[in-house]
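The values are calculated or read from the model by the stated rules, or taken from the named source; none is laboratory data. What you see is a predicted model; the values in this text were computed from it and never measured. Here the Cβ is made from the backbone with ideal geometry for all residues, glycine too, and neighbour counts use every protein chain on show. Note: areas computed on protein heavy atoms with side chains; ligands, DNA, RNA excluded. Shrake-Rupley method; radii C 1.70, N 1.55, O 1.52, S 1.80 Å.
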Amino acid sequence: MHTALMILLLVSSVILTVSILLQSSNSDGLSGSIAGGAEQLFGKKKSRGYDGILSKITTFAAIAYIVIALVLVAIFN
């Protein structure tokens with residue numbers, strides 16, 4: 001059981017790391033925050049595309065990582 005949980009923890013941590021690294025940056029610097037605010041608000045729908053999928057994967061992997069880590073601590077301490 002310990003080995004299976006450790007493997008699941010490893011897999012979820014790799015998925016979490018990769019999904020965070022693949023996400024696009026939110027900041028465009030000072031000029032992007034002044035001029036590009038309306039474009040971000042009205043121009044793009046990020047919830048349906050690639051960024052939305054990566055956001056959901058990141059959320060799921062983070063929850064799985066935390067739950068597995070807590071289970072490992074609770075069971076084997």
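Each of H2 and V71 was given a label point 7 Å from its Cα along the Cα-to-Cβ line. The distance between the two points is 1.7 nm.
Surface listing: M6, M1 arranged by accessible area from highest to lowest gives M1, M6, probe 1.4 Å. Coupling constants for region 20-25 follow from the phi torsions by the Karplus curve (6.51 cos²θ - 1.76 cosθ + 1.60, θ = phi - 60°), and in residue order they are 6, 5, 7, 6, 7, 6 Hz; glycine and proline get x.
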